[in-house]
Amino acid sequence: MKTKTGIWLLIVWFAIVGTTIFGSPGVCPAADDSKEVIAEGVGAVTVGNQAKARDEAMRDAMRKAIEQAVGTMISSETIVENFQLLSDKIYSQTSGYVRTYQVVSEGAEGELYRIRIKAEVSLTQIKNDLAAIGLLLEAKHMPRMMVMIAEQNVGEVILHYWWNPQAASVDLGVTENSLISEFQEKGFHFVDPEAVKKEIKVSKAFRAEDLTEQQVKTLGAQADADVVIFGKALAKLSGSVAGTSMKSVQANISLKAVDADTGRILATAQESASGVHIDEVTAGTNALKQAAKKTAQALMDKILKGWGKEVAGSAQVRLSIKGVKSYADLSGLFALLRKEIRGVDAVHQRSISNDGVAEVDIEYRGDGQSLADELLSKSLPGFTIKITNVTVNRVEITLEKTEGK
């Protein structure tokens, strides 16, 4: 009996120690994007106390390293405008962001102690905290979100989705409500679902559970949404829990986040969760809620990671051009974009239609508003450029031939 007890205690001890050291069983540590930076800090030597000055210099160097990493995610203007907030919430928390460091050089210079370090800074943690205080969302001009999820719980024979009120419930489902709640906690803004249902006009072809990115783009534009999250959520009965009257239900959710300006996929996520309850419908609801929370977190991580890269580097802005008479008209505009518009890294023509509308993707260090401002300040020989519509990721212009040209 003592032997069996000793074995069980050993198993429990290994389970606790293993969880503490390696994390939850069956869960791998999340990948952490990081950046290596060189930073220098200084401290004042007072009363000959170099040890204290060195500590101050090290803290200063750590802060400078974090400042550099923050600068890769948000614009200098945002940093200046929110300096105090960053100082209170980000710059002061060096231990949470600097993963490793090594001293490159150090020494006293008169009344100063100077130290130079090479540090590996966690971009993932900074990104999450910037999102938590709203700065990353602010840098993307507080994009408006919309959800379109077809849902089927246990006991239901069809998928329910609000954009087909003739065939299903007009209410938002469990998954949509849970997902919106998770995103809103991080500061995301959503268009009012009730207003959306009144504003958008859903044609018969769009009243389907499986929508394409282009269909979602069309519906999202009607609701003035910047990002649309869409997909499916299914809850199915797994069976009864052995020896009890409890029912077990498995929920599976598959979602995509799409840029409503361009139709570009920003992120995808697939998650599952289980629910147990004496009532199978309640078990299904619980499973859907848990799966929605997991999917929301996965989507947020990917969306914010992408936005962080765009804010720090180039983003894709769609330029829609009307009034194109020939390819020669585009050649002059392309030359203008590449040579005279600051921040343009690349220009990619996507299509040109018979009615004179061209679609172009621009890799641009800025957003639609700043691109439109740049275009207004330039002149295209033989043409007048008229800006007709501007969003964060899309600019619509019309080329008008100048008289006599």
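All of the numbers you see were taken from the coordinates with simple rules; none came from a lab. Being a predicted model, the structure only gives us computed values, none of them experimental. Cβ: placed from backbone, ideal geometry, glycine included. Neighbour counts: every protein chain shown.
³J(HN,Hα) across the range 59-64 via Karplus (A = 6.51, B = -1.76, C = 1.60, θ = phi - 60°), whole Hz, x for Gly/Pro?
4, 5, 5, 4, 4, 4
Apply the Karplus parameterisation 6.51 cos²θ - 1.76 cosθ + 1.60, with θ equal to phi minus 60°, to every residue of the range 319-331 and state each ³J(HN,Hα) to the nearest whole Hz, in sequence, with x for glycine and proline.
These are the phi-based 3J(HN,Hα) values: 10, 9, 10, 9, x, 7, 8, 7, 5, 4, 4, 5, 4 Hz.
Please report, to two decimal places, log10 I(q)/I(0) for the chain at q = 0.08, 0.13, 0.14 Å⁻¹ as given by the Debye formula with identical point scatterers on the Cα atoms and no solvent.
-0.63, -1.16, -1.23
Quick one: 3J(HN,Hα) in Hz for the range 176-181, Karplus 6.51/-1.76/1.60 with θ = phi - 60°, rounded, Gly and Pro as x.
Couplings: 4, 5, 5, 5, 4, 4 Hz.
Go through 215-223, 328-336 and give me the packing order, highest mean Cβ count within 10 Å leading.
With the highest mean Cβ count within 10 Å placed first, the list reads 215-223, 328-336.
Please tell me which of these pairs span more than 18 angstrom C-alpha to C-alpha: K339/K401; K140/K305; K89/K127?
In this structure, K339/K401 lie more than 18 Å apart at Cα.
Loop only by DSSP, 12 or fewer other Cβ within 10 Å of the Cβ. Give me the chymotrypsin sites (Phe, Trp or Tyr not before Pro) in the range 141-248 that pass, ordered by residue number.
The qualifying sites: there are none.
Taking amide hydrogens as modeled 1.01 Å from N in the peptide plane, which residues meet the under 5 Å criterion relative to A315, leaving out close sequence neighbours?
Residues meeting the criterion, in which the H sits 1.01 Å from N, are Y364, R365, G366.
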